[in-house]
Amino acid sequence: MKRFIPMSETMFYILSSLTEERHGYGIMLYVQELTNGRIVLGAGTIYQTLSKLERDKLIIPTNEINRKKNYIISNVGRTILIREAERICELSLIAKELLA
């Protein structure tokens, strides 16, 4: 777990997007919409990250339709994502205190 936390913002968004089944292009659109265009992921970034997440068993492929491979987060991936979300919430509280 220590290998994944803290995780990059890109990995956090990709992993969190896979709480629902999606393919690479669907992830790109979801993250762009979620961040109001602040983050635009390129195909290379998406597929390299998906490959790493699949290799490390944080996501699992579900099916492939018309050469589009769909993925979903695994139980291990969900546990790691929750731990990272808790870490980010802690940072947020400290940041808010600094700004007060």
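Looking at the range 9-17, can you tell me whether even one residue there is at pLDDT below 95 and β-branched (Val, Ile, Thr)?
yes
Restricting to the range 41-52, name every residue that is touching a Gly at 6+ places or on another chain (Cβ under 8 Å) and either within 19 Å of residue 83 (Cα to Cα) or open to solvent by 20 Å² or more (accessible area, probe 1.4 Å) (or both).
The answer is 43, 47.
Of all residues in the range 70-100, how many are among the small types (Gly, Ala, Ser) and open to solvent by 90 Å² or more (accessible area, probe 1.4 Å)?
Of the residues in that region, 1 qualify.
Taking the range 55-83, which residues are more than 21 Å from residue 32 (Cβ to Cβ) and touching a Ser or Thr at 6+ places or on another chain (Cβ under 9 Å)?
Selection gives 57, 58, 60, 78.
Could you pull out the residue among 55, 22, 67, 38 that is open to solvent by less than 90 Å² (accessible area, probe 1.4 Å) and among the basic types (Lys, Arg)?
Numbers: 55 fails: open to solvent by less than 90 Å² (accessible area, probe 1.4 Å); 67 fails: open to solvent by less than 90 Å² (accessible area, probe 1.4 Å); 38 fails: open to solvent by less than 90 Å² (accessible area, probe 1.4 Å).
22 is the lone residue from the list that is open to solvent by less than 90 Å² (accessible area, probe 1.4 Å) and among the basic types (Lys, Arg).
Taking the range 21-55 on its own, how many of its residues are among the acidic types (Asp, Glu) and closer than 13 Å to residue 11 by Cα?
Residues that pass the stated criteria total 1.
Exactly one condition in (1) at pLDDT below 95; (2) surrounded by 13 or more Cβ atoms within 10 Å (Cβ to Cβ); (3) over 21 Å from residue 87 (Cβ atoms) is false for residue 60; which is it?
In the conditions (1) at pLDDT below 95; (2) surrounded by 13 or more Cβ atoms within 10 Å (Cβ to Cβ); (3) over 21 Å from residue 87 (Cβ atoms), residue 60 misses (1) alone.
Just to verify a result, which residue in the range 4-19, among those that are under 14 Å from residue 73 (Cβ atoms) and of a type in the set (Val, Ile, Thr), is surrounded by the fewest Cβ atoms within 10 Å (Cβ to Cβ)? Break it down into steps so the answer makes sense when it comes.
Within the range 4-19, the first condition is being under 14 Å from residue 73 (Cβ atoms), and the residues that meet it are 4, 7, 11-19.
Among the residues that remain, those that are also of a type in the set (Val, Ile, Thr) are: 14, 19.
On the way: 14: 28, 19: 12.
The residue in question is 19.
From the list 10, 45, 35, exactly one residue is within 10 Å of the chain's Cα centre (by Cα) and of a type in the set (S, T, N, Q). Which is it?
Of the residues listed, the single one that is within 10 Å of the chain's Cα centre (by Cα) and of a type in the set (S, T, N, Q) is 10.
The values are calculated or read from the model by the stated rules, or taken from the named source; none is laboratory data. Predicted model, so just to flag it, every value in this text is computed and none were measured. Methodologically, a virtual Cβ is constructed for each residue, glycine included, from the backbone with ideal geometry; neighbour enumeration extends over all protein chains shown. We work out accessible area using only protein heavy atoms, side chains counted, and drop any ligands, DNA or RNA first. Shrake-Rupley method; radii C 1.70, N 1.55, O 1.52, S 1.80 Å.
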